[in-house]
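The values are calculated or read from the model by the stated rules, or taken from the named source; none is laboratory data. All figures in this text were calculated on a predicted structure; none of them were measured in a lab. Here Cβ is always computed from backbone atoms with ideal geometry, including for glycine, and neighbour counts include all displayed protein chains. Side chains are part of the model used for accessible areas, which takes the heavy atoms of the whole protein and leaves out ligands, DNA and RNA. Shrake-Rupley method; radii C 1.70, N 1.55, O 1.52, S 1.80 Å.
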2 protein chains.
Amino acid sequence: MDLRLLRAFVTVARLRNFGAAAEELSTSQPALTKQMQVLERKVGSVLFTRGRHGARLTPAGELLLPDALQLLERSEAFDRRAARVAAGDEGSLAIGFGMSGIEIAPRAVALFRSRWPGVSVSLDDMSSTVQCERLLAGSLQIGFVRLPVPAGLEHLRLRRDRLALAVPSALDVPRDVGQWLDGRPLVRLTPSRGPGLTAQIHGLYAELGCHPTVLQESADLQTVLALVAAGAGPAVVPQSAERIAPPELRLVPLPGRAATWWIGAAWATRTPLTERFVKAAAEVARS
Amino acid sequence: MDLRLLRAFVTVARLRNFGAAAEELSTSQPALTKQMQVLERKVGSVLFTRGRHGARLTPAGELLLPDALQLLERSEAFDRRAARVAAGDEGSLAIGFGMSGIEIAPRAVALFRSRWPGVSVSLDDMSSTVQCERLLAGSLQIGFVRLPVPAGLEHLRLRRDRLALAVPSALDVPRDVGQWLDGRPLVRLTPSRGPGLTAQIHGLYAELGCHPTVLQESADLQTVLALVAAGAGPAVVPQSAERIAPPELRLVPLPGRAATWWIGAAWATRTPLTERFVKAAAEVARS
DNA sequence: AGGTTCCATATCGTGGGGTTATGGATCTCC
DNA sequence: GGAGATCCATAACCCCACGATATGGAACCT
């Protein structure tokens, strides 16, 4: 069913006059006449009785008019919805974050939610690598990732992060951390949970010329920190883990060029929603 | 919003493949590509991410898909409704009847209602003259009228009716009714309530050469009969009034060519509904 | 009878939408 | 790694649907 015909139908029904309806529809009267003939053929009933007094609805027309009005109303509702979606007043965002985003992501989401309550935001924890894959696949719109990002993604640098050594507060760490670490049994995050972070750490080991051994590992940063607090040994973690570290831990910044990196927001496609979210993330990062 | 574009949209969304969707829609792949480009321009959002694996919905597409489906569902509902209306399985009929239809109309409506429960039938009491006007104006679909009908109406003869003299059962009416009636005070139906009937009666008076006087009149046939029963005088009424006459009355058929006429069902436009109703009326009339 | 007011019809022109053919990018498979 | 396969986009062309103008025809009104 062609909605243009229905629009013409309801207009003629309202004005009871082909000429006036044609004018309101910004078309010519013969065009309207043809449209109504086509519509009547399509619905299989005569809809109007034409006469000197204009056009009046037949019982069939009277019966179909409410349905036509309802259908048109639905159609306009669709248009309005589409406009809201296009404008970004409504929609959904899937956000990812990993070790690198633990500090910024939740606050950015909170800020964005307060500004755009019509948008439903989901926030999921996953490694930078997985985030980039999903960004490219389209199942994620924004990721908080370790920079740089692979080709095909855009990004905005948000803040620098660095590796730190998590140790019990009481423990004293000597100046030459590299030597101190060499051969020392550490707690670490399961490499598959944070491939980027693990690579970063190995890069630092190479720079510092040390080879710690692994005593224990966990798939969860929180648990890693808890193990350190329980005396299982030190762990190399992002400085930003401070936010979730138990109070009896100290995070000692590690030296070396390989110890620092940028984290940023990354996305595959710009939409009004992604731009607004990135803006919110940038504000949070500045504060 | 063009429903054809939405149909294409949901098909592509379902099959996630332009080529397959084009085939299902019986069109070519380039045509579909253009349609989706047009739709995306209209809604203002990209709806699919195109790639080697075909086409996948973007979040915006995911959001608009349910609305599109609903709109299409409504559209199909409209089509189904229109088909039912066109087939006469659903609709409405306004029926008229007067003095002439008192015997047939209610039974015809009852029979029709039992056969076509989807159709709402309204039955209104009015004179043959008014019925014909409203038939021509379109506010009535079927009338039970005194024949003949004016130009512009079709009709089907149903049964013959005749004038009768309503008198108390005890009263004896002589052979030569004409002479007996001459100058006699009668009860009559208000002429404006039944112009056709009144003309018929005057025609009969002329044929019989009598000039009764009017003692009392009423706008309601039932009341006329009650007055006769109460001894106010005889009345000339249709024979079919027997059905509503009190038992203490007798209806004596009147002689003369002008005393009989046909009653029939009349209509201005044939529709499946009118044909079915007329058929039901004819069956009732035969019984 | 002429004028007016309706809707229907005739005729013509244009553009939207479809078709076929081809391009370009990516994945698959020897 | 190159040939083939797969998918969507683009190009070029064509045609019919749809609209505009002009005219017809019926019914009312002076």
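With respect to A:LEU189, is the statement that it is within 14 Å of chain B (Cβ to nearest Cβ) and over 14 Å from A:ALA259 (Cβ atoms) true? Judged against the criteria, A:LEU189 is not a match. Quick check, is A:PHE48 of a type in the set (Phe, Trp, Tyr), more than 10 Å from DNA strand D (Cβ to nearest atom), within 9 Å of chain B (Cβ to nearest Cβ) and at negative phi? Spelling it out, it is not the case that A:PHE48 is of a type in the set (Phe, Trp, Tyr), more than 10 Å from DNA strand D (Cβ to nearest atom), within 9 Å of chain B (Cβ to nearest Cβ) and at negative phi.
Give the residues of segment A:149-187 that are under 30 Å from the mean Cα position of the chain (by Cα) and without any contact (Cβ under 8 Å) to a residue 60 or more places away in the chain, sorted by residue number. Show your work before the answer.
As a first pass, look at segment A:149-187 and keep what is under 30 Å from the mean Cα position of the chain (by Cα): A:149-164.
Selection gives A:PRO150, A:ALA151.
How many of the residues in segment B:1-12 are more than 8 Å from DNA strand D (Cβ to nearest atom) and away from chain A (no Cβ under 14 Å)?
Start the filter on segment B:1-12 by keeping residues that are more than 8 Å from DNA strand D (Cβ to nearest atom), which leaves B:1-11.
So of that shortlist, the ones also away from chain A (no Cβ under 14 Å) come out as B:8, B:11.
Here the count works out to 2.
Applying the criterion of being part of a helix (DSSP H, G or I) and more than 13 Å from A:ALA265 (Cα to Cα) to the residues of segment A:134-145, the residue that is modelled with the highest pLDDT is A:ARG134.
Every condition in (1) surrounded by fewer than 23 Cβ atoms within 10 Å (Cβ to Cβ); (2) touching a helix residue (DSSP H, G or I) at 6+ places or on another chain (Cβ under 6 Å) holds for A:GLN70 except the one numbered (2). Return the residues of segment A:55-65 that are open to solvent by 20 Å² or more (accessible area, probe 1.4 Å) and more than 10 Å from chain B (Cβ to nearest Cβ); say none if nothing qualifies. Hit for segment A:55-65 is A:LEU65, nothing else.
Within segment A:115-133, can one find any residue that is free of Cβ contacts under 8 Å to residues at least 12 places away in the same chain, outside any helix (DSSP H, G or I) and open to solvent by 50 Å² or more (accessible area, probe 1.4 Å)? Steps first, answer last, please.
Quick first cut of segment A:115-133, residues free of Cβ contacts under 8 Å to residues at least 12 places away in the same chain only: A:117, A:133.
Pick out the ones that are also outside any helix (DSSP H, G or I) and you get A:117.
Add one more test, that the residue is open to solvent by 50 Å² or more (accessible area, probe 1.4 Å), and what stays is A:117.
There is at least one residue in segment A:115-133 that is free of Cβ contacts under 8 Å to residues at least 12 places away in the same chain, outside any helix (DSSP H, G or I) and open to solvent by 50 Å² or more (accessible area, probe 1.4 Å).
Give segment B:13-31 a look and list any residue that's touching a Ser or Thr at 6+ places or on another chain (Cβ under 8 Å) and near DNA strand D (Cβ under 7 Å from one of its atoms), or say none. Spell out how you get there, then give the answer.
First pass over segment B:13-31, keeping only residues touching a Ser or Thr at 6+ places or on another chain (Cβ under 8 Å): B:18, B:21-22, B:24-25.
Result: B:PHE18, single match.
Given the structure, is B:LEU136 open to solvent by 10 Å² or more (accessible area, probe 1.4 Å) and within 22 Å of B:GLN239 (Cα to Cα)? Considered against the rule, which asks whether it is open to solvent by 10 Å² or more (accessible area, probe 1.4 Å) and within 22 Å of B:GLN239 (Cα to Cα), B:LEU136 comes out as no. Does B:ARG81 fit the bill of being at the interface with chain A (Cβ under 7 Å from one of its Cβ atoms), open to solvent by less than 70 Å² (accessible area, probe 1.4 Å) and in contact with a helix residue (DSSP H, G or I) (Cβ under 8 Å, 6 or more places away or on another chain)? The answer is yes for B:ARG81.
For the condition crowded, with 17+ Cβ neighbours inside 10 Å and farther than 23 Å from A:LEU204 by Cβ, A:GLY143 qualifies. The residue that is farthest from A:ALA86 (Cα to Cα), counting only those in segment B:32-44 that are near DNA strand D (Cβ under 8 Å from one of its atoms) and either open to solvent by less than 30 Å² (accessible area, probe 1.4 Å) or not assigned by TED's automatic domain parsing to the domain that holds B:LEU57 (or both), is B:LEU32.
Please state which one of A:GLY152, A:GLY98 is among the small types (Gly, Ala, Ser), within 14 Å of another protein chain (Cβ to nearest Cβ) and touching a helix residue (DSSP H, G or I) at 6+ places or on another chain (Cβ under 6 Å). Explain how you work it out, then say what you get.
Working: A:GLY98 fails: within 14 Å of another protein chain (Cβ to nearest Cβ).
After applying the criteria, what remains is A:GLY152.
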